[in-house]
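Report on the structure given below.
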Amino acid sequence: MKKPLHPDQLRSLVPLNALSRRQLRELQGQLTPRPLLAGELLFGVQDSTATLFFLLSGELLLHGGDGQERCLVAGTAASCYSIGPGPRWQRAHALSDCSVLAIDSAQLDRLLTWRQTYQDLLVQLSLEGHSPEWLEQLLENPLFAKVPPANVRCMFDRLESLEVAVGQTLIQQGDVGDCCYFLKAGRVEVIQEAGSGRQVVAELEVGACFGEEALLVDRPRNATVTMLEDGCVLRLARADFHALLEAPVVADVSLAEAARLLVSGAQWLDVRLQDEYERGHALHALHMPLDLLRLKARLLDHARTYLCYCDSGKRSASAVFLLTQLGFSAFVLRDGVDGLPAVQHDALLCQSGSGYLARSGGRIERSSR
């Protein structure tokens, strides 16, 4: 039985190489190479777009909806990027015996978006005096997988810090849920009562979130939570909790609508990773990755409209939300570049290389790299 690939073996695979080791552990079950025999179909027209593939060895023949065919050879620059069924490639079969990775596209997109969002968020909150170690522990909580990335910064602004003493009960079983808590310091004990019996079901430490279940399912508290030592918790009110679970509304445009805005002076903004950008980007598109956007937005021109894009549209939606908060006019390319037909995809991402950078005063320069 084959073992999952080690993180060092993923360095050339974009964007897997941008994920943290913790995130790669979450994908571990999908990082075991699977064989594909010569002549075997990897994916077809009817297959779901939910899976992306990375070619590790061998050769694949890709078939586009417009009749275009392309041979993908392992070890080449093109094989460092994922492929999958969609508007660009409708079928792929093995020309020789191959080895591939099959990755859940939605999970990868979520991890990648969070990775880039976290980097910016950690820098900002650290500058405000929050402990980076505690923040990383907190952001690993599964609750944050339910909160749209653009809302996480707002969540921290709404948290109420409370000093708590040993023995203090924060949540009482049977009560109506009016908030949830994040444990910043200390330990808590979770107890469930059934009849005349009491059972300790968990002991939570720094970084834990508790009380959210009653808010998610709108039911009474199912356990009692008591402090085991003096500590500190952050309280999030019920109304704020539900507001932050809702995805922010951002303005989106089709490729045709984007073209009309470009004629009026709008600017493409590529928020993907550097490797993704250098492989192919829109004509004169500025490269401003999501994790650096908050820091570099001061270089943009408030008088200009920005059109943000990424592969699926999720990272660019976060970018548009952030830019809108900062007072810019910005739109997201609907469904991202992967949602475009092959001809439009290749026409949009027509430039390669290091591309364009924003300078002070909104000036745009061609990178010398």
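Magnitude of the charge dipole for region 1-59, about its Cα centre and with charges confined to Cβ atoms of Lys, Arg (+1) and Asp, Glu (-1), is about 380 debye. Helix 149-158 and the longest principal axis of the Cα set of the chain meet at an angle near 30°. Here the label points at SER354 and GLN192, each 7 Å from Cα along the C-beta direction, are separated by 5.9 nm in the simple model. With a Förster radius of 41 Å applied to the C-beta separation of GLU203 and ALA77, the computed FRET efficiency comes to 0.25. Relative to the Cα centre, the charge distribution of the chain, modelled as +1 at Lys and Arg Cβ and -1 at Asp and Glu Cβ, gives a dipole magnitude of about 880 debye. Listed values for region 226-236 are Karplus-derived 3J(HN,Hα) couplings in whole Hz (6.51 cos²θ - 1.76 cosθ + 1.60, θ = phi - 60°), namely 10, 6, 8, 7, 4, x, 9, 10, 10, 9, 10, and x replaces Gly and Pro. With neighbours defined as other Cβ atoms within 10 Å of a residue's Cβ, the residues ASP109, ASP8, ASP66 order from fewest to most as ASP8, ASP66, ASP109.
The length gained by stretching the chain between GLU163 and ILE364 to full extension, at 0.36 nm per residue less their Cα-Cα distance, is 67.4 nm.
Here is the size of region 158-238 from its Cα atoms: Rg then Dmax, 12.0, 39 Å. For the chain, the Kirkwood estimate of hydrodynamic radius, built from reciprocal distances between every pair of different alpha carbons, is 23.0 Å.
Taking other C-beta atoms within 10 angstrom as a stand-in for reagent exposure, LEU19, LEU61, LEU42 fall in the order LEU61, LEU19, LEU42, fewest first. Residue ranges 282-290, 186-194, 334-342 sort as 282-290, 334-342, 186-194 when ordered by packing (mean number of other C-beta atoms within 10 Å per residue, highest first).
Its Cα gyration tensor gives region 311-369 an equivalent ellipsoid; the semi-axes, largest first and in whole Å, are 22, 20, 8.
Among residues other than LEU19 with Cβ under 10 Å from its Cβ, the summed charge is +3 (Lys and Arg +1, Asp and Glu -1).
Under 5 Å from the amide H of GLN168 lie the amide H atoms of MET227, each residue being 5 or more positions distant or on a separate chain, with H modelled from the backbone and absent for Pro and chain starts. The calculated 222 nm mean residue ellipticity attributable to helices in the chain amounts to -8000 deg cm²/dmol, summing -39500 (n - 2.57) over DSSP H runs of n ≥ 4 and dividing by all residues. Averaging Cα coordinates gives a centre for region 128-167 and one for region 275-352; these two points are 28 Å apart. Dimensions of region 85-226 from C-alpha coordinates, computed as largest minus smallest value along each principal axis and given longest first, are 67, 44, 25 Å.
Computed from the C-beta positions of ALA347 and LEU326 and an R0 of 30 Å, the FRET efficiency is 0.45 to the nearest 0.05. Placing a pseudo-label 7 Å from each Cα along the Cα-to-Cβ vector at ALA38 and LEU95 gives an inter-label distance of 1.3 nm.
Sorting the segments 250-256, 43-49, 98-104 by their residues' average number of neighbouring beta-carbon atoms within 10 angstrom, most packed first, yields 98-104, 250-256, 43-49. For region 165-259, the residue among GLY211, TYR181, ILE171 whose Cα projects farthest onto the positive side of the dipole built from Cβ charges is ILE171.
Stretching the chain fully between LEU283 and ARG304 yields a gain of 5.9 nm (0.36 nm per residue, less the alpha carbon separation). The label point for GLN119 and the one for SER48, both projected 7 Å from the Cα toward the Cβ, are 3.0 nm apart. Annotation: the residues GLU278, GLU128, GLU163, sorted from fewest to most other C-beta atoms within 10 Å of their own C-beta, follow the order GLU128, GLU163, GLU278. Which one, LEU121, LEU283, CYS232, is farthest towards the positive end of the dipole of the chain when Lys and Arg carry +1 and Asp and Glu -1 on their Cβ? Among LEU121, LEU283, CYS232, the one farthest towards the positive end of the dipole of the chain is LEU283. Sketch the reach of a paramagnetic label on HIS63 as a point 7 Å from Cα along Cα-to-Cβ, and name the residues of region 85-123 whose backbone nitrogen lies under 17 Å away. From region 85-123, the list is 85-96.
Taken together, the values in this text are just the output of simple stated rules run on the coordinates, not laboratory data. All values derive from a computational prediction rather than experimental measurement. Cβ coordinates were reconstructed from backbone atoms using ideal geometry, including for glycine residues, and neighbour counts include every protein chain displayed.
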